[in-house]
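All remarks here apply to the structure that follows.
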Amino acid sequence: MHYEVIVIGGGPAGVAAAVSAARQGCTTALLEENGFLGGTATGGLVLPISGFFHKERQVVGGIGWEVVERLLARGAAKVEYPKGHVSYHPEYLKLVYQELAQEASVDLYTNCRLTGCTVKENRITGIAFQGKSGEERLTGDYFIDASGDGALCHLAGVPMLPGDGQEQPMSLCFLLTGVDVTTPLLKNCIHHDGKSGASCNAVIHDYLQSCVDEGKLDQFGGPWFNTVLLGDALAVNVTRAAADATDRASYNRAELRMRRDMFVILNLLKEKFPEFRNASVVSSAVHAGIRESRRIVGLETVTGEDLLSGKVPECPVARCAHPMDIHIPGGNGQRLISLEKPAYIPHTALIPKDVSNLAAAGRCVSADREAFATLRVQATCMAMGESAGLLAALANKHGCAMGKVPAQELKAAIAERHVVL
C-alpha cells in the first residue's frame with residue numbers, strides 16, 4: 001500500500017499531524033502501537049492538557065483546541081481558568097481522537113509496531129511494521145515521526161542530540177477510586193486553575209518525603225492529582241524513576257519498580273490520611289510516561305535562551321506557554337522557569353538535516369533540555385503535529401524536500417488554520 005503521508009505514532013502530535021495532512025487532501029496512514037489513539041494523554045493517563053494559555057491568553061488553537069471543544073460538548077472536559085489547563089476524561093478523548101482521524105479519512109494501523117525502514121538517496125521510501133498479521137510494509141512519499149522516542153528518525157539514521165545521562169525521570173500514572181475529595185486536603189488541588197495555589201499537594205509531598213527519609217519509599221514526584229470529571233476516579237501522578245527510555249532493560253526495570261511503588265505509596269497514604277482509607281487502584285497507564293529521550297539534530301536546534309528571549313523565527317509552528325519544567329532524575333524535585341512571554345518554535349526544528357522527506361513532531365524535535373522542558377506538553381505537541389502535517393502536504397504539493405518548502409507559504413497555511421495564536 002502506498003500513501004502520500006505516513007505518520008508514526010498516534011499520540012497528540014501524531015493524530016494532529018495525520019488529520020492535518022489528510023485535510024489537505026493527502027492520502028494518509030497513521031501507525032500506532034496501541035489499540036487506541038492518544039498516547040500519553042489516554043493510555044498514559046497524563047492529565048491535564050497544558051499549554052493552550054499564557055497569562056490568561058490563548059496562544060494555541062487549531063486541531064488541539066478542536067479536540068477540547070469536542071470534549072466540552074460531551075461534558076468530558078473542563079477548561080480550568082485562569083490558567084487554562086484542561087481536565088478531561090481519558091476514555092472520551094480516545095473516542096474524539098478516533099473520530100477526528102476517521103472523519104479525515106486517515107487509514108489507521110493500530111496494534112502495529114515499527115520495525116524498520118528503507119532509505120535511498122537520503123529519502124525514506126517505505127517502512128516495515130509488525131502487527132497481528134505478521135510483518136507488513138507500506139511505501140510513502142513523506143513521513144512524520146511523532147513516536148515520542150524518534151523511532152523512525154533513529155531507524156533512518158538521523159543524528160540525535162547527545163544525551164548526558166541526566167534525562168528527566170519517567171512516571172507511571174494511575175487512577176484511584178474511593179478517595180474522599182471533599183476535605184481541605186484534596187478538594188482544591190485536584191483542579192489546576194491556579195486559584196488555590198500550587199497544584200502539587202504540599203502536605204502529602206512532605207509526608208512522602210519523610211517516608212523516603214525513613215527508608216519506606218525510594219522515590220516519588222509531586223504528588224499531582226487531577227479530576228477526570230465524569231465518575232469518581234482521581235488521576236494521580238506520583239511515581240518516579242530515572243531510566244534510559246530507549247533501552248529495553250532500563251525501561252523495563254523502571255516500569256516494574258514504579259508499578260510496585262504505586263501500591264507502596266497508596267498503602268502509605270491509607271495509613272496516614274483518612275481521605276484515602278477506602279481508595280483502590282482501578283487503572284494504571286499502559287506504559288510509563290516518558291518525559292525525555294531522543295531528540296533529533298534538526299536544521300535548527302531551538303534553545304531555552306531562544307524561548308526566554310522572545311526570539312521570533314521566520315515561520316513559527318507552535319507557541320510555548322508552559323513553564324520550563326525540568327524534573328530532577330535522582331530525587332523528587334523539579335526546576336521551574338516561567339516564560340515572560342509565550343515563545344515560538346521554528347519550523348526548522350522539525351526538519352532533520354540528513355533525510356529530505358521526513359519531519360518530526362512532538363517531543364523528538366530538535367531542542368535543548370531547557371526548550372524541550374516547555375514544548376513537550378500536549379497543547380504544544382498538537383500544534384507541532386498540525387504544522388508538520390501542513391509541511392508534509394506542501395512538500396507533496398511542490399514535490400520538494402521538507403526543508404525546501406517556502407517558509408512564508410507554510411506560515412500562511414498555519415495562520416489559516418489558527419494553529420499559532
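From its DSSP helices (H runs of at least four residues, each -39,500 (n - 2.57)), the chain gives a residue-normalised ellipticity at 222 nm of -9000 deg cm²/dmol. Accessible surface area normalised per residue over the chain is 39 Å², counting heavy atoms of protein chains with a 1.4 Å rolling probe. Computed about the Cα centre, the dipole magnitude for the chain is approximately 260 debye when only Lys and Arg (+1) and Asp and Glu (-1) carry charge, each at its Cβ.
What a 1.4 Å probe finds exposed on the stretch 1-126 is 44% carbon and sulfur by accessible area, rounded to a whole percent.
When the charge dipole of the stretch 180-287 is built from unit charges on Cβ atoms (+1 for Lys and Arg, -1 for Asp and Glu) and taken about the Cα centre, the candidate among 210, 280, 199 whose Cα reaches farthest toward its positive end is 280.
If both residues of a DSSP beta bridge must be in the chain, then about 75% of such bridges are antiparallel. Between residue 341 and residue 103, the contour length at 0.36 nm per residue exceeds the alpha carbon distance by 82.1 nm.
The region of the chain that goes longest without hitting one of the GluC sites (Glu not before Pro) in a DSSP loop, each with at most 13 other Cβ atoms within 10 Å, is 215-313. Placing +1 on the Cβ of every Lys and Arg and -1 on the Cβ of every Asp and Glu, with no other charges, gives the stretch 160-240 a dipole of roughly 240 debye about its Cα centre. So which of 311/341; 83/187; 94/341; 78/272; 78/411; 83/341 end up more than 22 Å apart by C-alpha? Among 311/341; 83/187; 94/341; 78/272; 78/411; 83/341, the Cα-Cα distance tops 22 Å for 94/341; 78/272; 78/411. First compute the accessible area of the stretch 283-421 with a 1.4 Å probe, then give the percent of it belonging to carbon and sulfur atoms. Roughly 51 percent, rounded to a whole number. When the square roots of the Cα gyration tensor eigenvalues are ordered a ≥ b ≥ c, the ratio a/c for the stretch 292-378 is 1.5 or more and a/b does not exceed b/c, which makes its shape oblate. Modelled spin-label separation between residue 281 and residue 74, with each label point placed 7 Å from Cα along the Cα-to-Cβ direction: 2.6 nm. Here is the list for the stretch 90-194: trypsin sites (Lys or Arg not before Pro) lying in DSSP coil, each with at most 13 other C-beta atoms within 10 angstrom of its C-beta, are 132, 187.
Rounded if a/c is under 1.5, else prolate if a/b beats b/c, else oblate: with a ≥ b ≥ c from the C-alpha gyration tensor eigenvalues square-rooted, which is the chain? Here the chain falls in the prolate category. A simple rule links phi to the HN-Hα coupling: the Karplus curve 6.51 cos²θ - 1.76 cosθ + 1.60 with θ = phi - 60°, which for the stretch 323-334 gives x, 5, 10, 10, 7, 7, x, x, x, 10, x, 8 Hz, with x for Gly and Pro.
Note on residue 309 and residue 404: the model spin-label points, each 7 Å out from Cα along the C-beta direction, lie 3.1 nm apart.
The values are calculated or read from the model by the stated rules, or taken from the named source; none is laboratory data. Since the structure is predicted, the reported quantities are computational estimates derived from the model, not experimental observations. Quick reminder, even Gly has a Cβ in these numbers, built from the backbone with ideal geometry, and neighbours come from all protein chains shown. For the accessible areas, the whole protein counts, side chains as well, though only heavy atoms, and no ligand, DNA or RNA atoms are used. Shrake-Rupley method; radii C 1.70, N 1.55, O 1.52, S 1.80 Å.
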